[in-house]
Amino acid sequence: MKQTARQMLDSPEFKAMVTKRWTISVILTAILFVIYYGYIVLIAVNKPFMAQKIGDVTTLGIPLGVLVILLSWVLTAIYVIWANKSHDPEVRDLKSKVQ
Amino acid sequence: METTLGTPTTSAIAFFLIIVGITLAITYWAAKRTRSTKEFYAAGRSVSALQNGLALSGDYMSAASFLGIAGMVALKGYDGMIYATGWLVGWPALMFLIAEPLRNLGKYTFADVVAFRLSQTPVRIASAIGGVLTVLFYTIAQMVGSGNLIKLMFGISYEYAIVIVGVIMLAYVLFGGMIATTWVQIIKAVLLLSGVTVLTIMVLAQFNFSPANLYEAVTKSQETIKGVVGPVGQKALEPGGQVSNAWDAVSLGIALMLGLLGLPHILMRFYTVPNAKAARTSVLYATGFIGYFYIIIPIVGFGAAALVGRDLIKKIDAGGNMAAPLLAEQLAGTPFLGFIAAVAFATILAVVAGLTLAGASALSHDIYVHVVKKGKATEQEQVRVARWSTVVFGIVAVMLGIVFKGQNVAYMVGLAFAIACSANFPALLLSIVWRKFTTAGAVSSILTGSILTVLLIILSPTIQIDVLKHTDAYFPLRNPAIVSMTASFVVAIVVSLITREKRAETMFDDEKLRTYLGIGAE
């Protein structure tokens, strides 16, 4: 049965979809903040930690910097996979129910 | 080592002419497809996710990130790497918070989203102020930087360089609109990514493809400090003075990360793709390309320190901007230097073209069409005004580039990002997520963000100590984002709670179908 726009907005399915979308976004943003600002604050307050050698000359800071970039991309990929697999079908389903 | 840098060699000119020739041919082709506003501002919404991913990367990876970060890593070592990470982390945030709703709600500019359910005139004016300020400061930095870089690479005078950039990029935008600008970005992104990849492979090949060997060579390379020659030493691989105050570091981090979410020329790109899904996929591509770029560019910088040496790099340009071109010449001779110089030139052209289109759309779409004409302008009239705005913005950009000649404008990109995250981002985010956001809240938030950011930058060490040479600054932080963005959010929330807007609240519910399901999206 087709729903009006009003019915769709008030439906629990629509509300749940919106809540889920923002929950995932906020969690991923929070992880991103912890990773990046963690890295920056670590440099600011504990330089010896970043400067410790993990090879002949290579410092721990170098792989950590690369890791921040890689993890940022991984978070982006996680969002896209979730959106394609779970979010899009839900949106399509709800969209088809609206008049 | 002898360098041909600064003399216009045959290979540099040849590569430059090839790039300009191809991009102008594309512009000619695009011009025939640019008749409506949808084509002029949004490339007919027919750009694919991969194309937009490359174009976003093209818009974002400026000459500052290519030549500047390579130079910073070459001369300052690890500190340059810290900078590189900051330039990437905005992209995931852009994806999680803004990209899809922005695509569904807007038409051509981010102001479309902010003004969607609020009073058009005040919100459009305020958004245009925030948008134009961001784009202007960004453009001045690009223009001054490009004048200097082109002078260093090709030996032509600063003013000539600026005028050449202005004329070519105006041709792209004026005739080819967003279609040509997008293709210029794509070509530039591919050239830049492949050029830097080749450079990286050549550097690593010198060290048996072991970064550890490269780092060791960096520590052993020689540098003259106060007349004494000595090895660069281990400190090149350790964090130095760049990040010493946690507040300063976090404030700069906020500006870099969340500023991206308020850059008009980046946000505008999301209207060139057909739907929210394509917008999402294009961010994944862009994050991949840009992340890859920022992972390999430090290798180029370290390679320049090890193979060219800090002394020569500093002799050519004290800021280190010529580290990558010098390295290219050292590794593969003049033709490769010519190629890298031409790629840097293409990078400058593309970024300025993107900025000009964004500046022009704020003037024509937001101010002329929605404020002056109250949304009632014919398609023909809109395209004509868009083209005139492009000319106006382009001429202003060239003039500002010449006016600011010789000025230290390093703070301007920071300023652009700080305004973007303090003026544009809070209003954009709140208009998407907060039901009770009002016209007064939006306008006061944008104005607070713009004015406070400019004021605090003027009072900061960046201007007081670096530019005016005072011994002390009135405001302690180099980048004000942490204060100005917080203030902008607080003002937005307080003012919105005081001034309720029934109509906006009702419309918020209606726009949800468009925001989340894409129903009615253009």
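Every number here is computed from the coordinates shown, using simple stated rules; none is lab data. Source: prediction; values computed, not measured. In this analysis, Cβ positions are derived from the backbone assuming ideal geometry, glycine residues included, and neighbour counts consider all displayed protein chains.
If amide hydrogens are placed 1.01 Å from N in the peptide plane, which non-local residues have theirs closer than 5 Å to the one on A:VAL98?
Amide H neighbours of A:VAL98: A:GLN3.
Can you give the angle from 0 to 90° between the axis of helix B:323-361 and the longest principal axis of chain B, with both taken from C-alpha atoms, to the nearest 10?
So the helix axis and the longest Cα principal axis differ by about 10 degrees.
Determine the shielding of peptide A:57-67 by partner chains: average, over its residues, the number of Cβ atoms on other chains within 10 angstrom of each Cβ.
Numbers: counts 13, 7, 9, 2, 6, 9, 1, 2, 10, 8, 1.
For this peptide, the per-residue mean of nearby foreign Cβ atoms is 6.
Give the calculated FRET efficiency between B:ILE225 and A:LYS47 to the nearest 0.05, with a Förster radius of 25 Å applied to their Cβ-Cβ distance.
Values: r = 21 Å, r/R0 = 0.83.
That pair, B:ILE225 with A:LYS47, gives E of 0.75.
Excluding same-chain residues fewer than 8 positions from B:LYS32, which aspartates and glutamates have a Cα within less than 17 Å of its Cα?
Within the straight-line limit of under 17 Å, B:LYS32 reaches these aspartates and glutamates: B:GLU379.
Please identify the DSSP H helices in chain A that span no less than 27 Å along the helix axis (Cα) and have a mean Kyte-Doolittle hydropathy of 0.0 or more. Walk me through the numbers before you get to the answer.
Numbers: long enough: A:12-45 (47 Å, 1.38); A:61-82 (31 Å, 2.21).
Correct list, ordered by number: A:12-45, A:61-82.
Pairs of Cα atoms under 8 Å, at least six residues apart: use those to get the relative contact order of chain A, whole percent.
Values: 47 pairs, mean separation 47.6, N = 99.
That works out to 48 percent.
Does the protein assembly as shown come out rounded, prolate or oblate, given a ≥ b ≥ c as the square roots of the eigenvalues of its C-alpha gyration tensor, rounded meaning a/c under 1.5 and, failing that, prolate meaning a/b above b/c?
Working: a/c = 1.69, a/b = 1.44, b/c = 1.17.
It is prolate, given that a/c is not under 1.5 and a/b is the larger ratio.
If you keep only loop residues by DSSP, which trypsin sites (Lys or Arg not before Pro) in region B:187-252 have at most 10 other Cβ atoms within 10 Å of their Cβ? Let's see the in-between values first.
On the way: sites: B:LYS188, B:LYS220, B:LYS226, B:LYS235; in loops: B:LYS226.
Passing sites in region B:187-252 are B:LYS226.
Which shape class, rounded, prolate or oblate, goes with region B:1-81 when its Cα gyration tensor gives a ≥ b ≥ c as root eigenvalues, a/c under 1.5 marks rounded, and past that a/b bigger than b/c marks prolate? Walk me through the numbers before you get to the answer.
Numbers: a/c = 4.08, a/b = 1.56, b/c = 2.62.
Cα axes put region B:1-81 in the oblate bin.
Using 7 Å Cα-to-Cβ label points, what is the A:LEU67/A:THR23 separation (nm, one decimal)?
2.9 nm
Which whole-number percent gives the relative contact order of chain B, counting Cα pairs below 8 Å spaced six or more residues apart? Display every interim value, and only then the final one.
Details: 938 pairs, mean separation 154.8, N = 522.
Computed value for chain B: 30 percent relative contact order.
Want the number for B:TRP29 to B:ALA332: 0.36 nm per residue separation, take away the alpha-carbon distance, what's left? Each step should come with its number before you reach the end.
On the way: separation 303, 0.36 × 303 = 109.08 nm, distance 3.51 nm.
Contour length minus Cα-Cα distance gives 105.6 nm.
Near A:ILE43, within a Cβ-to-Cβ distance under 15 Å, what is the net charge of the other residues, with Lys and Arg +1 and Asp and Glu -1? Walk me through the numbers on the way to the answer.
Values: positive: A:LYS47, B:LYS76, B:LYS235; negative: B:ASP79, B:GLU238, B:ASP248.
Result for the local shell: 0.
Less than 13 Å Cβ to Cβ from B:PHE96, Lys/Arg counted +1 and Asp/Glu -1: what total charge do the surrounding residues give?
Details: positive: A:ARG21, B:ARG280; negative: B:GLU100.
Net charge around B:PHE96: +1.
Using a cut-off of 26 Å between alpha-carbon atoms, which lysines can reach B:LYS151, once sequence neighbours fewer than 8 places away in the same chain are excluded?
B:LYS76, B:LYS188, B:LYS314, B:LYS315, B:LYS405
Just flag the trypsin sites (Lys or Arg not before Pro) in region A:1-91 sitting in loop per DSSP whose Cβ has no more than 15 other Cβ atoms within 10 Å.
Listed in order of number, the matching sites are A:LYS2.
What trypsin sites (Lys or Arg not before Pro) does region B:352-402 have in DSSP loop regions with at most 16 other beta carbons within 10 Å?
Values: sites: B:LYS373, B:LYS374, B:LYS376, B:ARG384, B:ARG387; in loops: B:LYS373, B:LYS374, B:LYS376.
Sparse-neighbourhood loop trypsin sites (Lys or Arg not before Pro): B:LYS373, B:LYS374, B:LYS376.
Per 0.36 nm of contour for each residue apart, how much would the distance between B:LYS405 and B:SER157 grow if the chain were fully extended, relative to their Cα-Cα spacing?
The span from B:LYS405 to B:SER157 would gain 88.1 nm if fully extended.
If you count, for every residue in A:43-49, the Cβ atoms of partner chains within 10 Å of its Cβ, what is the mean?
Working: counts 11, 10, 5, 1, 5, 2, 1.
Going residue by residue through A:43-49 and averaging, the value is 5.
Could you give the angle, 0 to 90 degrees to the nearest 10, between helix B:246-259's Cα long axis and the longest principal axis of the Cα atoms of chain B?
With both axes taken from Cα atoms, the answer is about 60 degrees.
Within a Cβ distance under 11 Å of B:ALA360, other residues only, what is the Lys/Arg minus Asp/Glu net charge? Kindly include the intermediate steps, with their values, before the conclusion.
Values: positive: B:ARG387; negative: B:ASP366.
Taking every other residue near B:ALA360 into account, the sum is 0.
Would you mind checking which residues have amide H under 5 Å from B:GLU223's amide H? H placed 1.01 Å from N; only 5 or more apart, or other chain.
B:GLY230, B:VAL232
With everything on Cα atoms, drop me the angle between helix B:502-517 and the longest principal axis of chain B, reported from 0 to 90° to the nearest 10.
Compared with the principal axis, the helix lies near 60 degrees.
Which one of B:ALA49, B:LEU118, B:HIS470 has its Cα pushed farthest toward the positive end of the charge dipole of chain B, where Lys and Arg give +1 and Asp and Glu give -1 at the Cβ?
Result: B:LEU118.
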